[in-house]
Every structure is written in structure tokens, then in C-alpha cells.
1. State the Cα centre-to-centre distance between segment 262-334 and segment 114-174 in whole Å.
2. Sorted by average packing, counted as other Cβ atoms within 10 angstrom per residue and highest first, what order do 201-212, 40-51, 72-83 take?
3. Angle, helix 21-43 long axis vs. longest principal axis of the chain, Cα atoms, 0 to 90°, nearest 10?
4. For helix 216-227, report the angle its Cα long axis makes with the longest principal axis of the Cα atoms of the chain; keep it between 0 and 90° and round to the nearest 10°.
5. Using a 1.4 Å probe on the protein chains only, how many percent of the accessible area of segment 203-332 belongs to carbon and sulfur?
6. Considering Cα pairs under 8 angstrom that are at least six residues apart, work out the relative contact order of the chain and quote it in whole percent.
7. Any idea what the relative contact order of segment 203-332 is, in percent, if you count C-alpha pairs under 8 Å spaced at least 6 apart?
8. Just from its helices, what would the mean residue ellipticity at 222 nm be for the chain, if runs of 4 or more DSSP H residues each count -39500 (n - 2.57) and the sum is divided by every residue, rounded to the nearest 500 deg cm²/dmol?
Amino acid sequence: MSISLSRFLVEEQREKGHIPPELRLLLEVVARACKSISHAVNKGALGGVLGSAGSENVQGEVQKKLDIIANEVLIEANEWGGHLAAMASEEMESIYLVPNRYPQGEYLLLFDPLDGSSNIDVNVSIGTIFSVLKKPEGNSGVSESDFLQKGESQVAAGYCVYGPQTTLVLTVGDGVNMFTLDREQGSFVLTQEKVQIPVDTKEFAINMSNMRHWDTPVKRYIDECLEGKEGLRGKDFNMRWIASMVADVHRILTRGGVFMYPWDKREPNKPGKLRLMYEANPMSWIVEQAGGASTNGRERILNIQPQALHERVSVILGSKNEVDLVTKYHANNN
Ligand code: P6P
């Protein structure tokens, strides 16, 4: 008997008391928005949704038409439900307050509406990443500072990968579960429960073209992987780099591995490329809930106190023993 996402969330709420009704409703709406995004993505050229939108986002990156479409789908799906106070997106400079014509809720939703945009036009997997925080008690309105909470404060986090299958991966702090979209039924069905990442791996994911820019600990770790079984590690490693964090993380959740987007000296004042609030934090919580680890090379990502909505961070996540080793190399490098 297949279990739908809706039934799974009701059981998480009713039997385990793990999530309140308002959060369950929010997650149902986000899942429905991901279904709509999947539909738009799958149309591709037939839907006239490929190519650039001719604009730039707050990150100074060229926006693809699908970036904007996905952002609009998430805003429109979530603004009226009454469970949110505000939203934040990679594609919008400032936070989006729920319009006064709708009831205000107690949750804050953050998202990268379509991560991996450079892969859209070449038909490689992309995805939506989302994170849910509770609005701090007390203050009546909502401001950007309400979003600046450590990743360990998240109450839900997930992503939806638009690949050969459309799969929603979710944690509410009770492990990680995967739901595959059944297009005939139009519903997400539970396909993998209590995902566990192997603590060891023979596979690393990093953009090797940046090697000359890396800091010493990262160079040391990758060099040892490349030395293979004749080297210190005593085993051969494989490499993958999809340039879609959602797809790389999904592979790591499925078979282990270590994903690295480290600081490099191209822009020394930038801690890394990936964004803390709506890429690193949700992915780090998911990875930790699946028995993995996630640091910025020096500290647990979920412990980082955010200073700005779009701040970036160096990311090393995945199989625990590998992440610990890379983090140890950073500590020894002081
Ligand atoms: P590069 C996509 O643009 C993204 O933010 C992540 O999804 C991905 O891991 C990374 O950037 C790819 O970066 O420099 O290899 O293109």
C-alpha cells in the first residue's frame, strides 16, 4: 500500500505529534508548488520557458525564464494560505511580506526556487530548495532580521529534484524521507524512508577547474583522493560534479559521497559561492538528519549565526568520516 506525502504528513502530525497542523499545511502547499514547477520544467522548449529572462538577480547572476517562473509559483502558492508571515528567495533582494489582504501566519519560508539554472537549457537535473523557520515571538511585524536565525532553528527543510524522476526530499527533524511524483495520480508517494548516508565513501564532488584557487586543506584532501590506493587513503576515488547542488546532494543521500564548494582565492572576501540561508542550511540539516555532516571547513554550518539574508558560505557536506577529515585538515592548517 503506497503512502502519499499527505498521509505521511498527517501521521507525522497526528501520531508522532512531530509537526503542528499549520506546518503540515505549509509543507503540502510547497509540495504542490514543486509539482507545478516540475510541470513547467518538463515542458522545456515546448513551453517557451528556456533561455535567459534578460535580467539579473540580487546575486548579479543572469536570471533564466524558469528562475522567475519558479519564484512566482512559490510566492503565489504560499502567500494566501495563512501559515506564513513572509518569504525570502534567492531571486528577490528583500523579503516578501504576505499581503495584508491575507491572514498572517507564524512561519517564514526561504527558498532557492530553481537551483542549478546553468543546467536548465542543457536538460540536466535542477531543483527547488526550501527551508522553514518560525517567526520569532513578540514583534508584531516581520523584518529581515527575523530570518537571520541559525540553521539549527529550522523546523522543516527539503528540496525537490527535477530529474529523470521528480523527487521531494523532506525532513521535519524526524529523519529524511523521499517521495517520488506519481504523474498519473498527481501525488508524491513515499519511496524511501529514514535515508542514511554511508559514513565512508569513494566519491567526491567538487569543481576541479578551480583547483589552483583552493586553500591548502582542500588541495591536500583532493590530492590524497587522486593518489588512489597507492596513496595515503589506500583506495581509489571517483569524481562527480553536476553543477546542480540539488542533484549532487541527492546522489550523496542515495549512495554517499562528499560535496565541496570551498572558499577560494578568486574572491578572497567571499566566504564561498553557495548561500547560507536557502542552500547550505536546508541541505546541511537534511544531510545531518541522514547521518552525514556539514561544515564550512571550520565549524558546523547549522551553528553559523547569519548576518545577512544572502550571505554566502563555504560548504563541505556528506559522508561523516570524509567531512570530519576535511575539517580536521582545516583545523591543522591554522
Ligand atoms: P559552478 C548552481 O548555480 C550552484 O549554485 C549550485 O547548485 C552548484 O553546486 C554550483 O552553483 C555550481 O557552481 O561554479 O561549478 O558552476
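The values are calculated or read from the model by the stated rules, or taken from the named source; none is laboratory data. Everything numeric in this text was worked out from a predicted model, so none of it was measured. In this analysis, Cβ positions are derived from the backbone assuming ideal geometry, glycine residues included, and neighbour counts consider all displayed protein chains. For accessibility, only protein heavy atoms count, side chains too; no ligands or nucleic acids. Shrake-Rupley method; radii C 1.70, N 1.55, O 1.52, S 1.80 Å.
1. 16 Å
2. Details: 201-212: 16.4, 40-51: 14.2, 72-83: 18.4.
With the highest mean Cβ count within 10 Å placed first, the list reads 72-83, 201-212, 40-51.
3. In the chain, helix 21-43 runs at an angle near 70 degrees to the longest axis.
4. Value to nearest ten degrees: 70.
5. Values: 2430 of 4960 Å².
Solvent-exposed carbon and sulfur of segment 203-332 make up 49 percent of the total.
6. Numbers: 707 pairs, mean separation 50.2, N = 334.
Relative contact order, the chain: 15 percent.
7. Details: 216 pairs, mean separation 35.5, N = 130.
Worked out over segment 203-332, it gives 27 percent.
8. Details: 8 runs with 96 residues, N = 334.
Computed ellipticity for the chain at 222 nm equals -9000 deg cm²/dmol.
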